[in-house]
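Chemist: What follows is a structure written as structure tokens; I'll ask about it next.
The values are calculated or read from the model by the stated rules, or taken from the named source; none is laboratory data. A quick note: this is a predicted structure, and the numbers were derived from the prediction, not measured. Cβ placement follows ideal geometry from the backbone for every residue including glycine, while neighbour counts extend to all protein chains displayed.
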Amino acid sequence: MRLTKSFSIAALAVASALVLAGCSDSEAPGGEPTVEETPEFEAGTTMAALADAGSITIGTKFDQPLFGLVGPDGTPEGFDVEIGKIIAGKLGIAPEDIEWVETVSKNREPFIQAGQVDIVVATYTINDTRKEVVSFAGPYYTAGQDILVPAGNPDGITGIEDLAGKTVCSVSGSTSEKNLQDAGVTVLPANGYSDCLEPLRNGAVVAVSTDNVILAGLAAQNEGEFEVVGNPFTSEPYGIGLALEDDTFRDWINDVLEESYADGSWAAAWEKTAGTVLATPEPPAVDRYTRS
């Protein structure tokens, strides 16, 4: 499996152990999604071009436990990674022919616009501002922004209202950063969420805030150090980013997502990654929105 690092990581976190779920009908032996042998697509479509090339470049996070984390062998793993594999498999592309590009929050739109990636699957919240420059398939999961504090919650933080006037760490360019700023919270920006943990440890910030599933992964990876407040204050629909005007590709990815809901491959992807810590949710309905 090919891997490209576009931004260096201060240190690679050790991946959480993954519990393999039973194979669904759309999983190959070993828990990998099935790779279509001879997919056929209309000439001139992105799907046809990728299938003919036999490879796809996918942007994802490299530092987020459960969703996108570089494992001990240097390969990213997590729920976002599995969703990328499902899409690639429907194109006839095997996991080893995926090029994974580290895509942090602030470079997701630029990477798509510049053609550096074919799609982005990276805890990527769909919102109207982003829809102006990229398209989204999905959502394939709905998270909620929450708060990570030191174990024992020494400052007694119960919700976002307790963060006003305090300094909180979040990732630069993320929806979470903007939500905090809009609530009057001072934000210490970081390149990745793992970079927020040391400021939380040394008291430079009182909390870290982003989507609850990301925080749950960080807490699970650093057992006994941190806890999630458990009071989400937003709804964050995760989508798959792609080129702005490629409606045919977007519609096809939405079809793939709906198929994965029906055939069990979405649930299997969750259970072998995020499902090792979190209960399996109902998948959200995809939003086949029309661009204005």
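Chemist: What residue, of Ile157, Ile147, is part of a loop (DSSP other than H, G, I, E, B) and surrounded by 16 or more Cβ atoms within 10 Å (Cβ to Cβ)? Give the derivation first.
Modeler: Values: Ile147 fails: part of a loop (DSSP other than H, G, I, E, B).
Residue meeting the stated conditions: Ile157.
Chemist: Considering each of Gly156, Gly184, Gly152, Gly144 in turn, give the residue that is among the small types (Gly, Ala, Ser) and under 30 Å from Leu244 (Cβ atoms).
Modeler: Details: Gly156 fails: under 30 Å from Leu244 (Cβ atoms); Gly184 fails: under 30 Å from Leu244 (Cβ atoms); Gly152 fails: under 30 Å from Leu244 (Cβ atoms).
It is Gly144.
Chemist: Turning to a different aspect of this structure: Scan the stretch 29-71 for residues that are without any contact (Cβ under 8 Å) to a residue 40 or more places away in the chain and touching a Cys at 6+ places or on another chain (Cβ under 8 Å) and jot them down.
Modeler: Across the stretch 29-71, the qualifying residue is only Pro29.
Chemist: Considering only residues of the stretch 58-86 that are buried (at least 21 other Cβ atoms within 10 Å of the Cβ) and β-branched (Val, Ile, Thr), which is farthest from Leu257 (Cα to Cα)?
Modeler: Among those residues, the one meeting the criterion is Val70.
Chemist: Ok, one more. For the stretch 235-249, give me each residue that is farther than 17 Å from Ala274 by Cβ and either at pLDDT below 95 or among the acidic types (Asp, Glu) (or both).
Modeler: Selection gives Ser235, Glu245, Asp246, Asp247.
Chemist: Can you name the residue in the stretch 242-257 that is of a type in the set (A, V, I, L, M) and touching a Ser or Thr at 6+ places or on another chain (Cβ under 7 Å) and, of all such residues, is surrounded by the most Cβ atoms within 10 Å (Cβ to Cβ)? So that I can check it myself, show each step before the final result.
Modeler: Here is the first cut: in the stretch 242-257, the residues of a type in the set (A, V, I, L, M) are 242-244, 253, 256-257.
Still in the list and also touching a Ser or Thr at 6+ places or on another chain (Cβ under 7 Å): 242-244.
Details: Leu242: 21, Ala243: 18, Leu244: 16.
My answer is Leu242.
Chemist: Right, Gly92: surrounded by fewer than 24 Cβ atoms within 10 Å (Cβ to Cβ), part of a loop (DSSP other than H, G, I, E, B) and in contact with an Asp or Glu (Cβ under 6 Å, 6 or more places away or on another chain) or not? Spell out the reasoning first.
Modeler: Values: surrounded by fewer than 24 Cβ atoms within 10 Å (Cβ to Cβ): yes; part of a loop (DSSP other than H, G, I, E, B): yes; in contact with an Asp or Glu (Cβ under 6 Å, 6 or more places away or on another chain): yes.
So Gly92 fits the description; yes.
Chemist: Something else about it: Quick one: is Gly44 assigned to a loop (DSSP other than H, G, I, E, B) and at pLDDT 95 or above?
Modeler: Details: assigned to a loop (DSSP other than H, G, I, E, B): yes; at pLDDT 95 or above: yes.
Judged against the criteria, Gly44 is a match.
Chemist: Something else now. Scan the stretch 192-209 residue by residue and report those that are in contact with a helix residue (DSSP H, G or I) (Cβ under 8 Å, 6 or more places away or on another chain), over 16 Å from Lys166 (Cα atoms) and either modelled with pLDDT of 95 or more or assigned to a loop (DSSP other than H, G, I, E, B) (or both).
Modeler: Leu197
Chemist: One residue is enough: does the stretch 217-226 have a residue meeting the conditions buried (at least 23 other Cβ atoms within 10 Å of the Cβ), modelled with pLDDT under 95 and either assigned to a helix (DSSP H, G or I) or not assigned by TED's automatic domain parsing to the domain that holds Ser105 (or both)?
Modeler: yes
Chemist: Conditions: (1) in a strand (DSSP E or B); (2) loosely packed, with under 15 Cβ neighbours inside 10 Å. Gly239 meets all but one. Number of the miss?
Modeler: All conditions are met except number (2).
Chemist: Going through Gly156, Gly173, Gly184 one at a time, which residue ends up being under 19 Å from the mean Cα position of the chain (by Cα) and over 18 Å from Ala216 (Cβ atoms)? Break it down stepwise before answering.
Modeler: On the way: Gly156 fails: under 19 Å from the mean Cα position of the chain (by Cα); Gly184 fails: under 19 Å from the mean Cα position of the chain (by Cα).
After ruling out the rest, the residue left standing is Gly173.
Chemist: Could I ask something else about it? Give me the pairs, please: first residue somewhere in the stretch 198-213 and farther than 28 Å from Ala279 by Cα, second residue anywhere and assigned to a helix (DSSP H, G or I), beta-carbon distance under 6 Å, and either six or more positions apart or on two chains.
Modeler: Val205/Pro199
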